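Step one of this worksheet: look at the structure below.
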Amino acid sequence: MKLGTLLGTEGGPAVTGFAIDHRKVAPGTVFGAFEGATVNGEDFIPAAVAAGAIAVVARPEAVVEGAVHIADRNPRERFARLAAAFFAPFPGTAVAVTGTNGKTSTVELTRQLWRMQGHHAASIGTLGVTTADDRVSTGLTTPDVVTFLSNVAGLAREGVTHVAFEASSHGLSQYRTEGLPVRAAAFTNLSRDHLDYHGDMATYFTAKLRLFSEVLDPDGTAVVWVDDPHADRVIDLARMRGNRLLTVGEHGETLRLVGRDPTLLGQTLMIEAEGETHKVNLPLIGAYQAANALTAAALVLATGGDLKATLAGLSRLQPVRGRLERAVITRSGAPVYVDYAHTPDALEAAIAALKPHAAGRLIVVFGAGGDRDTGKRKPMGAAAAAGADLVIVTDDNPRSEDPAAIRAQVLEGAPAAREIGGRRDAIAAAIAEAGPEDIVLLAGKGHEQGQIVGDLVLPFDDVAVARECAETA
Ligand SMILES: CC(=O)N[C@H]1[C@@H](OP(=O)(O)OP(=O)(O)OC[C@H]2O[C@@H](n3ccc(=O)[nH]c3=O)[C@H](O)[C@@H]2O)O[C@H](CO)[C@@H](O)[C@@H]1O[C@H](C)C(=O)N[C@@H](C)C(=O)N[C@H](CCC(=O)O)C(=O)O
Ligand SMILES: Nc1ncnc2c1ncn2[C@@H]1O[C@H](COP(=O)(O)OP(=O)(O)OP(=O)(O)O)[C@@H](O)[C@H]1O
Ligand SMILES: N[C@H](CCC[C@H](N)C(=O)O)C(=O)O
Ligand SMILES: [Mg+2]
């Protein structure tokens, strides 16, 4: 593709690729120079041009010599749209999910439901780029714009027609997915997280609302979990914009949850839809997975899915990696669950999911990530102390922070909790302590395969460690 074609002029050099890191520039690359959280990408423009960049997307005040300066007040958005034109075509049906919690679960459940209806489907998010037979991690929930758009185009070349992706608030703020048409967008919930980046809840919510105000196709469908207190803002936005609106939840119009009874390995849902009541045996435990399953079902309906087939599909859903995943049953008979809860709201949800199944005590082991929102640590301790019978505070991913300092902040919310710094020791202690009527919940790391300590990523998988500890307990 010629640069002129991209810019709506004529001719010019051939475009060979796109990059936002100067170290990835090759001859023919269009370079995006963005002011970032740690450095200013504009500082690398000369090096990018020296490496062969033929054009640079940057603010008008940036200095570009030896390459075309594509000047724009919002260089991230302009770059994404140009890159999308270069990487296209994409799968015909793309949907996005945003919310503090439930994004990964919902996109994965959507992928499974689409597949049951015969679609070649994929999901992109925290677990990576997932298709029916493959999963490749990208390191982020919403990958950087070049990784994201090139991967989505790659999926189309593989024959994928339906993709569901997680629109994180960081990803929305940084225009990482702009240029990919979005046929439906779902809102799960909003609670405290990522205030280290957004500063306050209003800014955090505004970042998420951009999915509905700008990213969702004007003739696209908004899917809203209406039981969340923030849902009204999303509904108002969808109505104002004239988007089709599907609502789910106990107060939903499209899929109204009228009954939910926990069973041994899941739950029976009563769902009102199109004037009829449907009974569904969902093989996932917890109110939160019922919420995500209904949201996923509505996304499938929003993209042409048949109601009966979609509701029937709910009974065949497979658990999502690291989301209330049962890792092992201890020698004493206590099940050990691994969950990704790393916010106060999520901890509450995971504990509420397991509590009805614990005839004895619920033992919770968790910590909090370093270099993330510090304000959520005490409320996380409080959420665990309020819902669990025994709380063990340990390390999550300390990153560049002092692990003991992080634990101390969490313990402020759970003064009666035990503190065991090493995560493996904490898991071992919980498993040794658990009796036949008890349940153990390991929260915060879920599917993660490593523990980030300083610059190191030490191999660590909660599921594997739980199994090893259960062997020797
Ligand atoms: C805080 C944050 O979101 N940072 C992301 C952001 O970096 P940034 O724009 O701030 O970039 P920077 O490091 O300041 O550099 C500025 C620019 O100069 C460029 N550069 C930099 C150095 C160099 O030598 N040459 C060069 O060209 C960079 O590529 C960048 O474009 O853009 C980068 C490229 O897309 C991302 O890799 C990076 O993610 C960092 C690694 C990260 O940890 N992000 C996490 C917090 C994140 O995004 N999490 C969300 C939320 C998960 C959830 O939902 O809970 C996610 O979607 O994963
Ligand atoms: N609908 C929900 N309501 C409340 N809590 C939820 C919900 N869905 C998931 N959770 C909790 O949040 C945790 C993370 O779930 P999930 O990975 O689906 O969320 P996410 O939005 O993708 O998170 P992240 O922003 O870290 O990528 C779960 O392990 C569970 O504890
Ligand atoms: N166990 C991780 C979960 C959060 C990871 C991701 N959601 C992010 O914020 O980057 C941590 O707390 O460090
Ligand atoms: Mg996720």
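The values are calculated or read from the model by the stated rules, or taken from the named source; none is laboratory data. The structure displayed is predicted, hence computed values, not measured ones. Glycine gets a Cβ as well: all are built from the backbone with ideal geometry, and neighbour counts include every protein chain shown.
A few points about this structure:
- Taking the criterion of being within 11 Å of ligand 3 (Cβ to nearest atom), part of a strand (DSSP E or B) and not small (Gly, Ala, Ser), the residues of the range 440-452 that qualify are Gln451, Ile452.
- Exactly one residue out of Thr247, Thr254, Thr263, Thr277 is out of contact with any Phe, Trp or Tyr (no Cβ under 9 Å at 6 or more places or on another chain) and under 17 Å from Phe212 (Cβ atoms), and it is Thr254.
- Those residues of the range 216-237 which are under 11 Å from Ala184 (Cβ atoms), crowded, with 20+ Cβ neighbours inside 10 Å and out of contact with any helix residue (DSSP H, G or I) (no Cβ under 6 Å at 6 or more places or on another chain), in sequence order: Leu216, Gly220
- Candidates are the residues of the range 97-118 that are of a type in the set (A, V, I, L, M, F, W, C) and within 12 Å of ligand 2 (Cβ to nearest atom); the one that is farthest from Gly220 (Cα to Cα) is Leu109.
- Tally, over the range 151-181, of residues that are farther than 19 Å from Gly32 by Cβ, more than 16 Å from ligand 3 (Cβ to nearest atom) and either among the acidic types (Asp, Glu) or not assigned by TED's automatic domain parsing to the domain that holds Met201 (or both): 1
- Taking first residues from the range 291-311 that are more than 14 Å from His278 (Cβ to Cβ) and partners that are among the basic types (Lys, Arg), the Cβ contacts under 7 Å between residues at least 6 apart in sequence or on separate chains come to Thr303/Arg183.
- Residues being closer than 13 Å to Ile392 by Cα, in a loop (DSSP other than H, G, I, E, B) and not aliphatic (A, V, I, L, M) - total across the range 418-439: 2
- Meeting the requirement of 3 or more residues that are modelled with pLDDT of 95 or more and under 17 Å from the mean Cα position of the chain (by Cα), the strands (runs of 3 or more DSSP E) wholly within the range 148-257 are 162-166, 182-187, 216-225.
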